[in-house]
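Report on the structure given below.
The values are calculated or read from the model by the stated rules, or taken from the named source; none is laboratory data. Every value quoted in this text rests on a predicted model; they were computed, and no experiment measured them. Counting neighbours? That spans all protein chains shown, and the Cβs are built from the backbone with ideal geometry, glycine included. Just the protein is used for accessible areas: all its heavy atoms, side chains included, with ligands, DNA and RNA removed. Shrake-Rupley method; radii C 1.70, N 1.55, O 1.52, S 1.80 Å.
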Amino acid sequence: MTSEQIQTLISMLCYMGAVVAIGLYFAKRAKQSSSNYFLGGRSLGPWMTAMSAEASDMSGWLLMGLPGVAYWCGIADAAWTAIGLAIGTYVNWLIVAKRLRNYSVVSGNAITLPEFFSNRFNEKKKVLLSISAIFILIFFTVYASSCFVTCGKLFSALFGVDYHIMMVLGAAFVIFYTFIGGFLAESASDFMQAIVMICALVVVLIVGVVNAGGLGAVIENAKNIDGYLMLFGQATPNADGTFGASVPYGAISVLSALAWGLGYFGMPQVLLRFMAIRKADELKRSRRIATVWVVISLFVAVFIGVVGRAIPSINLTSSAEAENVFIKISQSFLPPLIAGVVMAGILAATISSSDSYLLIASSAFSKNIYGGLIKKDASDKQVMLTSRIVLIVISLIGIAIAWDENSVIFKLVSFAWAGFGATFGPVMVLSLFWKRINQKGAIAGMITGGVSVFIWKLLLNPLGGMFAVYELLPAFILSCIVIVAVSLLTKAPDEEIVKTFEKVKDMSQKGFLESENA
């Protein structure tokens, strides 16, 4: 290992030490109860709520996946995706956050998403709870694998160490960290990591532009690549660094990219932050903070990919390799100690996301299936022990999925994102804003959304044409249709459920109107 690599490693180890210190600080409080471990006792302030939600949401794909897409084939796919995500972020905070916070408290003080859905419909047999917990386990396992891929690629690229060794070590660190601190530690470290991520993005962008010869040189280089700067066209890169003629980026592609914004309505790691804030009235400030952070981060990440194409010494020859453009710029042009801090931005994104995914997935089983169905008299200690066992199992499956070092982070994230968006998004929105929805409609819609993602992705999407649309969009629409149809064709919800709905509506209405005018 060279002296430069040692300096980079020292910086990253110091950062990881700080993250562990946060976990140890909150460990005692997390062990007090499952409510503290899984939801932090609803004690988050507006800044921590906003920053931890976005850091846990974006993951390593923000610093590797998104710049990689822009580097490889131009801005169309990356930019439309960023636009969809920015809009989705704002709308989700605007219309869902406060009502979910109020509803989760009123309907049985729910501390997990499956528990909220179950309480919302006064379930007796816990069917909806079980289905939602199972889907969380499935899609968060895929999500966790994308984070492990990021760890493997990062350390392999930095230190020349075998991808598989570093991927497993990265996963082990995440498991250890999630074990000791729970939701509060995760949220506190996510706050710090959100700051590290946005600073790393801005530093790498500035350094990249300077070493590419200035902003004019970056733009001129991009203009010389057919379709690279087009929003309705796409460059066609070859492995030897040349480009063929551009191809159209049509309406279906645009809708597919914008549909990423729909995913926010069903994203557990974001929705849980809405539930965990200490006061519902503080969500307006959180919304502003989150939106500014997301807009800056997304569009800087896209432009880093464009800058990478203008630097002659950076030549990445596949879509998988292109996801290293952030790392290559940092390694090439920053002093090793500073590069280590910037690389910690990727590590920050990965840790902040993977610990959220593992914690939510393990809580879905331990709190909702084990504690809610298998052993209803389970103590807090037994629930938390089960959670840790499930966490290890999920991690092992995630490691198996991430074993292929040619895995493309963006593709793994897009599938899991579609799964959550289509499975939970329609049920969440209609549960909060339509009093006629009933349990049967919610169950049918949840299954339709989750299954449609698999069918569209694996069977219909390869057919091309109108089926080439991102699986989230058709699955989301189908789920909405099924929820409405089944709810209207079956018995209306009980009077008690409707009264709770109206109570929450009255609690949230004033705040929503104020937010709308903000």
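Between Ile206 and Val292, the distance separating the two model label sites (each 7 Å from Cα on the Cα→Cβ line) works out to 1.8 nm. Taking a straight line from the alpha carbon of Lys457, these lysines sit under 23 Å away, with near neighbours fewer than eight places off in the same chain left out: Lys411. Our estimate of slack between Glu405 and Asp281, defined as 0.36 nm per intervening residue step minus the Cα-Cα distance, is 40.1 nm.
On the basis of the beta-carbon distance and an R0 of 25 Å, Asp494 and Phe433 show a calculated FRET efficiency of 0.85.
Share of carbon and sulfur in the accessible area of region 186-240 stands at 68%, probe radius 1.4 Å.
Largest accessible area first, the residues Phe433, Phe232, Phe326 order themselves as Phe232, Phe433, Phe326 under a 1.4 Å probe with ligands, DNA and RNA left out. Heavy-atom accessible area, probed at 1.4 angstrom with all protein chains present, ranks Phe173, Phe299, Phe148 as Phe299, Phe173, Phe148, highest first. Would you mind computing, in nm to one decimal, how far apart the modelled labels at Leu24 and Ile477 are, each placed 7 Å from Cα along Cα→Cβ? Modelled inter-label distance: 5.4 nm. Over region 396-472, accessible surface divided per residue gives 39 Å², non-protein components excluded, 1.4 Å probe.
Think of the chain as having a plus end and a minus end, set by charges on the Cβ of Lys, Arg, Asp and Glu; of Leu137, Leu85, Ile10, Leu137 sits farthest toward the positive end of this dipole.
With Cα atoms as the point set, the chain shows a radius of gyration and Dmax of 22.3, 71 Å. Label separation (Leu337 vs Leu463): 6.0 nm, computed from points 7 Å beyond Cα along the C-beta direction.
With protein chains left intact and a 1.4 Å probe, residues in region 203-354 average 36 Å² of accessible area per residue.
The spread of Cα positions in region 40-136, taken along each principal axis and listed from longest to shortest, comes to 52, 31, 22 Å. For the chain, the 222 nm mean residue ellipticity estimated from helices alone, with every DSSP H stretch of n ≥ 4 adding -39500 (n - 2.57) and the total spread over all residues, rounds to -24000 deg cm²/dmol.
Placing R0 at 60 angstrom, the Cβ-Cβ distance between Glu220 and Ile374 gives a FRET efficiency of 0.40 after rounding to 0.05. Of the listed pairs Lys98/Lys284; Lys376/Lys435; Lys124/Lys491; Lys124/Lys503, which have alpha-carbon separations greater than 19 Å here? Beyond 19 Å between Cα atoms: Lys376/Lys435; Lys124/Lys503. In region 105-181, the C-alpha radius of gyration followed by the widest Cα-Cα span (Dmax) gives 18.1, 55 angstrom.
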